[in-house]
Amino acid sequence: MRMPHKFKYFSLFFIFVFSLSSYSQNSGKFKVTLDAGHGAHDFGAIYHGHIEKNITLAIVLKVGKILEANPNIQVNYTRKTDVFIELVERSSIANRVDSNIFVSIHCNANKNTAADGCETYVMGLNKNASNLAVAKSENAVITLEKDYKQKYEGFDPNNPSSMIGLTLMQEEYLENSISLASKIQDQFAGIDKKSRGVKQAPFMVLHKAYMPRVLIETGFISNPKEGAMLDSDEGQQDIAQAIANAIISYKKEYFGSNSSDLIEKPSKKMTEEPKKEEVVVAKSETLIDKSEPKSEDGKIVFKVQIAAANKKLDLTPSNFKGLNNVQSTTDNGQLYKYTYGETSDYDTAKKFLEEAKSKGYSSAYLIAFKGGKKISVQDALK
């Protein structure tokens, strides 16, 4: 029987309203995409009966379960079963849902079975031998994909440094990625795991994700003791809780907190006296001093963080999508941070933020200083 026009239009209107309502309920959530490394015929590293693809999936599902208990967080997965997902598709999944962060979880391995500890990587180009070795191992999976040479534009997985041409649009997520990675390493230290630091390396799975993103090497399955821990339910739960705590801490710092957020265990970084943050990056893995410009003592200043890059740019509007009043600071010439606007008025700062996002800096966020020292926006508002 044919539906009368008035009922047809009413049905369409109802569907539209329902869809709009559903969108509004989900749009305010903090979106996390979790990526379990390897899968199916891509086993990853195998040592002492421990299989990387199984361990990474188990940890990801545990992290997801913890985060899903928080109504303010939406969790997306690249895989929830033992299936093969191409590297470019993993980042595409995160891009399609407009995820706020992308977290890829892996296990490390080394011929030296005494090697142990965890490390978290951010996307970057350098020639550090050990970092490139890890990237080479993780990038090798693309050879299992059809037509990978065409699909990855000639990228050679045996030579990770061949990944060139990173744009400022991709580099603008670097500082946020480092912040998330640092929180993860802090949490690992809190469960007595050896921390190998925050590092940079050219990972293809991170290359195409347009958001803050990290790759976690949760430990060495080649180490008999650590491998057994990684392959145990208790060990996986401890790691998952640490990663979830770090994600929630990152959400609170950059996106604000909600009363229904999970209660996290304090990390060492949160309980110690404030100190300069150190990050292991670059060719020689030297420590970067992330100092901030000085301002008047006690004065609260808000700025909009729009980009962080490994190269220095002239502060002209043409280099920053037409934005004027862009400032830069540098960490010994290795990392350049770019901010837009400067004001002591929070409402004005929010207008600066809206303007930056309207220009295309979708990952821009507010930062605050007191007496020249960086503090959280929440503390500044107090």
_Listed pairs K193/K374; K65/K194; K337/K357; K183/K351 exceeding 21 Å between Cα atoms_ = K193/K374; K65/K194; K183/K351
*Round to the nearest 0.05 the FRET efficiency obtained for L315 and F255 when R0 = 35 Å and r is the Cβ-Cβ distance.*
0.80
*With labels modelled as points extended 7 Å from the Cα through the Cβ direction, what inter-label distance (nm, one decimal) is found for D379 paired with T343?*
2.4 nm
*Rough spin-label spacing in nm, given labels placed 7 Å along Cα→Cβ, for H48 and N95*: 3.9 nm
*How many nm is it between the label spots at K29 and A114, if each spot is 7 Å from the Cα in line with the beta carbon?*
4.8 nm
*Taking the Cβ of P224 as the centre, find all other residues whose Cβ is under 13 Å away and add up their charges (Lys, Arg: +1; Asp, Glu: -1).*
-2
*Once the Cα atoms of the range 23-100 are picked out, what are the Rg and Dmax in Å?*
13.9, 49
*Mind checking the full-extension length gain between A189 and A40? Use 0.36 nm per residue of separation minus the Cα-Cα distance, one decimal, nm.*
50.5 nm
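Read-outs throughout are calculated quantities, based only on the coordinates presented, and are distinct from any laboratory measurement. Not measured: the values here are computed from a predicted model. FYI the Cβ positions are ideal-geometry reconstructions off the backbone, even for glycines, and counts take in every protein chain you see.
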